[in-house]
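K.L.:
Submitted below is the structure of interest, expressed as structure tokens.
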Amino acid sequence: MSFRRMFSRRFAAVAGTIFAVAVIAWLFAYEPVTRNLVASEAVCTYCHLEQEYVPTARLSFSSTHPIEPKEGESLALCVDCHLPEGFWAATFTYTHYLSMTDLFGHFRDRASERAGDWIPAGAARAYRARDRLFEYDSVTCRVCHIEAEIKPKRKRGKKAHKEALENKETCIECHDNMVHRYVDLRPDAFQTPEHSETSGSLPPNGGGRVAAASLQGVSTLRRGE
């Protein structure tokens, strides 16, 4: 066996081992790196305005979740509510960045505005987030909140949660305005595609099941269930 052939085989074995270790390491690191670095608050607010979405920003339109953390609780970050746990779910972060949907949302579509077809960027984002939560059964809510173990204090909350369990409703169907600027529900919200009659227009008078005049009102309803 020639020296060159031995060297080639050894090089291939070493290279293959390094590649295999790198792939295994990437598989283990992919989700935690994505959630803690790639989808960090600083990266999210590069496109999403801090005043609009970061509760700690000066004169923010958002509130913290939970409103009053108990001892040992930490405040939810963007990724906690908007990115489900799991390897494949983490991939949504990269497809979201590549689409640049929210970055382009800062530009005005004057032609659509004049035609009356334009949807404000903030409302469009709320629609997408609600649709995704509805489609995936409010999966990120259920990481912290176990529906069957929630014990509301008010009669209204007890009745609503009892009916939700009986009708197999998901969290976002009632808690549609939680921490960000209030956005009315569109007429076809929370319907399966075959039952949807309209698409994309803002309702004239709102219509959310947990409706309030301000974020504080929404937070009070949620906190005092």
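K.L.:
Is one or more of the residues making up the range 164-176 within 23 Å of the chain's Cα centre (by Cα), of a type outside the set (A, V, I, L, M, F, W, C) and over 15 Å from Ser138 (Cα atoms)?
P.N.:
Taking the range 164-176 and keeping what is within 23 Å of the chain's Cα centre (by Cα), we get 164-165, 168-176.
Then drop every residue that is not of a type outside the set (A, V, I, L, M, F, W, C), which leaves 168-170, 173, 175-176.
From the residues that got through so far, the ones that are over 15 Å from Ser138 (Cα atoms) too are none.
No - not one qualifying residue is present in the range 164-176.
K.L.:
I need the full set of residues from the range 127-150 which are loosely packed, with under 12 Cβ neighbours inside 10 Å and either among the hydrophobic types (A, V, I, L, M, F, W, C) or in contact with a Lys or Arg (Cβ under 8 Å, 6 or more places away or on another chain) (or both), in order please.
P.N.:
Ile146, Ala148
K.L.:
Can you tell me which residue in the range 75-106 is nearest to Val143 (Cα to Cα), limited to those that are loosely packed, with under 10 Cβ neighbours inside 10 Å and either touching an Asp or Glu at 6+ places or on another chain (Cβ under 9 Å) or at pLDDT 85 or above (or both)? Walk me through how you get there before you give the answer.
P.N.:
First, the residues of the range 75-106 that are loosely packed, with under 10 Cβ neighbours inside 10 Å: 88, 95, 98.
Add one more test, that the residue is either touching an Asp or Glu at 6+ places or on another chain (Cβ under 9 Å) or at pLDDT 85 or above (or both), and what stays is 88, 95.
Working: Trp88: 17, Thr95: 23 Å.
Among those residues, the one meeting the criterion is Trp88.
K.L.:
What is the residue count in the range 148-187 for residues that are in contact (Cβ under 8 Å) with a residue 12 or more places away in the chain and part of a loop (DSSP other than H, G, I, E, B)?
P.N.:
Matching residues across the range 148-187 total 19.
K.L.:
Among the candidates Lys158, Lys153, Lys162, single out the residue that is modelled with pLDDT of 85 or more, farther than 30 Å from Pro55 by Cβ and surrounded by fewer than 18 Cβ atoms within 10 Å (Cβ to Cβ). Spell out how you get there, then give the answer.
P.N.:
Values: Lys158 fails: farther than 30 Å from Pro55 by Cβ; Lys153 fails: farther than 30 Å from Pro55 by Cβ.
Every option except Lys162 fails the conditions.
K.L.:
Just need a number here: residues in the range 31-68 that are under 15 Å from His180 (Cα atoms) and basic (Lys, Arg).
P.N.:
1
The values are calculated or read from the model by the stated rules, or taken from the named source; none is laboratory data. Predicted model only: the values in this text are computed from it and were never measured. Heads up, the Cβs are rebuilt from the backbone with ideal geometry, glycines too, and the neighbour counts pull from every protein chain shown.
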